[in-house]
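K.L.:
Take this structure, written in structure tokens, and hold onto it; I'll ask about it next.
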Amino acid sequence: MSEKLKPAARVASQRQDVWTIINEAAAASPKQPIINMGQGFFGYNPPGFILNAAKDALNRVECNQYSPTKGRPRLKKAISDAYAPFWGRKLDPETEITITTGANEGMLSAFMAFIEPGDEVIIFEPFFDQYISNIEMPGGKIVYVPMHPPKEGAVKTLSAAEWTIDFDELERAVTPRTKMLVLNTPHNPVGKVFSRDELQRIADLCLKHKIIILSDEVYDRLFYVPFTRIATLSPEVEQITLTVGSAGKNFYATGWRVGWLMGPPHLIKYVAAAHTRICYSSVSPLQEACAIGFEQADAHSFWDECIASMQHKMALFNAVWDELGIPYSQPEGGYFVMVNLARVRIPDGYPFPPHVASRPRDFKLAWFLIQELGVAAIPPSEFYTDANSHIAEDYLRFAVCKPDEVLEEAKVRLRGLRRYLE
């Protein structure tokens, strides 16, 4: 290839990502149709009051044209009102909130706003895979700090709270070039909700070293234990924190691509500036629908129903692991469950393709489940560096945000693991 036609290094990697491998396995499986519990999209629609709001918005001229680059005023006000009980005040819709094209683009905008080549960003492993490319795009250097799973995670079911950070490791990760730290709570894929004490220790470290906190809280309406938003710890912490939200996760509409960032004016204005240069503005009619969703959610008891519904799905699905004697991390939030399959023995000589055979054991487990049982799950070592991929090689991540009948069918198929258990 001509030098002039070569792609940039940031997109040139030829290593197959997890999504490509799982889709390939699904297409090759004799067990059709595959039950997809891998990707975290919902298997059902948003509630009627939100869908109707979207349909109505499409009939309004102004909702089919460009929105202001920082977002539609109605949505920003609705977010300010919705988050006021947690912040103890109303955020200024004009200076402390900006709307983005999904949470992912919002985080890219944050990195583009503050990261220069060589600046360091601390992230915890396992991580949402999009963090990596988003940080590398502006030239950032990623510094990884692993979360440690419970020592007895292979033999007994324990709370996701048992996945812990070694704060000495975190302290050692900080250098004079550290510009940002990315936090995710409730956590994907672990399901951990960071405790107030853990958040305070992280915040104290960031205040000490003047590090911006990017708090990815897209699952903030799905928590099953007390949930603290790190920006609310103190006025000082709020001044260094950008909080990320997602309508896709809040309203069962991951395809709508409406997100937002909240934070102090001296941070938000630069995120908004980067967002303007990346995509200018976000989808107008769906912003309007999300505004109505926030406005009417309490009247429909929607947030309480979200939690009750997902807890029901967790209990329904995880019953199969209890039945099989397979341990898992009991989620404190979100809609993923990490299951430890150390007891599953894959037959010797099982025919894996070379690009799966060369990956950690969890990739082989994922391929095996798809081929033999027709159930797709995600190998979480994809969310680790190669050096730390061994930490999660016995786990698979399952998404339970599916209809009950799909979860029941998945359980029927997963009972087929009995013949492979040690």
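The values are calculated or read from the model by the stated rules, or taken from the named source; none is laboratory data. Please read all numbers here as calculations on a predicted model, not as lab measurements. Don't worry about glycine lacking a Cβ; one is built from the backbone with ideal geometry, like all the others, and counts go over all protein chains shown. Each accessible area value is taken on the protein alone, full model and side chains, heavy atoms only, with ligands, DNA and RNA left out. Shrake-Rupley method; radii C 1.70, N 1.55, O 1.52, S 1.80 Å.
K.L.:
Once you have the alpha carbon radius of gyration of region 1-139, what is it after dividing by 2.2 N^0.38 Å, with N set to its residue count?
P.N.:
Scaled against compact globular proteins, the figure is 1.44.
K.L.:
Just the number: Rg to Rh for the chain, Cα atoms, Kirkwood Rh, two decimals.
P.N.:
Result for the chain is an Rg/Rh of 0.96.
K.L.:
Hey, another quick one. To check you understand DSSP bridge types, tell me what percent of the beta bridges within the chain (both residues inside) are antiparallel, rounded to 5.
P.N.:
Roughly 45 percent of the DSSP beta bridges within the chain come out antiparallel.
K.L.:
Note down the net charge around SER159, summing +1 for each Lys or Arg and -1 for each Asp or Glu among other residues with Cβ under 13 Å from its Cβ.
P.N.:
-1
K.L.:
While we're looking at this one, here's another question. Compute for region 57-300: radius of gyration divided by Kirkwood radius, i.e. Rg/Rh, restricted to C-alpha atoms, rounded to two decimals.
P.N.:
Ratio value, two decimals: 0.97.
K.L.:
Scan the chain and hand back the longest stretch that contains none of the trypsin sites (Lys or Arg not before Pro) lying in DSSP loops with at most 15 other Cβ atoms within 10 Å.
P.N.:
Result for the longest clean stretch: 211-344.
K.L.:
Want the number for GLU408 to GLU162: 0.36 nm per residue separation, take away the alpha-carbon distance, what's left?
P.N.:
85.8 nm
K.L.:
For region 57-300, what is the accessible area per residue in Å² when the probe is 1.4 Å?
P.N.:
Accessible surface, normalised per residue, equals 38 Å².
K.L.:
Next question. Using only Cα atoms, tell me the angle between helix 265-279 and the longest principal axis of the chain; keep it within 0 to 90° and round to the nearest 10.
P.N.:
70 degrees
K.L.:
Which value, in debye to the nearest 20, gives the size of the charge dipole of the chain about its Cα centre, when Lys and Arg are +1 and Asp and Glu are -1 at the Cβ?
P.N.:
In debye, rounded to 20, the chain gives about 700.
K.L.:
Ignoring ligands, DNA and RNA, please state the percent of accessible area on region 1-149 from carbon and sulfur, probe 1.4 Å.
P.N.:
Here carbon and sulfur together make up 56 percent of the probe-accessible area.
K.L.:
In region 57-300, what is the count of Lys pairs whose alpha carbons are under 25 Å apart, counting only pairs at least 8 residues apart or on separate chains?
P.N.:
26
K.L.:
For region 57-300, what is the relative contact order in percent, using Cα pairs closer than 8 Å and at least 6 residues apart in sequence?
P.N.:
30 percent
K.L.:
Relative to the longest principal axis of the chain, what angle (0 to 90°, nearest 10) does the C-alpha long axis of helix 48-57 take?
P.N.:
Approximately 50 degrees, to the nearest ten.
K.L.:
Also, quick follow-up: Could you size up the charge dipole of region 57-300 around its Cα centre, putting +1 on the beta carbon of Lys and Arg and -1 on that of Asp and Glu, and report it in debye to the nearest 20?
P.N.:
520 debye
K.L.:
What residues have an amide H closer than 5 Å to that of ASN184, excluding those fewer than 5 places away on the same chain, when H is modeled at 1.01 Å from N in the peptide plane?
P.N.:
Under 5 Å from the amide H of ASN184 lie the amide H atoms of ASP216, each far enough along the sequence or on another chain.
K.L.:
Based on Cβ point charges of +1 for Lys and Arg and -1 for Asp and Glu, what charge dipole magnitude is obtained for region 30-103 about its Cα centre, in debye rounded to the nearest 20?
P.N.:
100 debye
K.L.:
Another one. Compute the angle between helix 102-114 and the longest alpha-carbon principal axis of the chain, please, reported from 0 to 90 degrees and rounded to the nearest 10.
P.N.:
It is inclined by approximately 60 degrees.
K.L.:
Next question, about the same structure. Taking 7 Å along the Cα-to-C-beta vector as the label spot, tell me the GLU24-GLU94 distance in nanometres, rounded to one decimal.
P.N.:
5.4 nm
K.L.:
At a 1.4 Å probe radius, carbon and sulfur cover how many percent of the accessible area of region 224-282?
P.N.:
Of all accessible area on region 224-282, carbon and sulfur atoms account for 55 percent.
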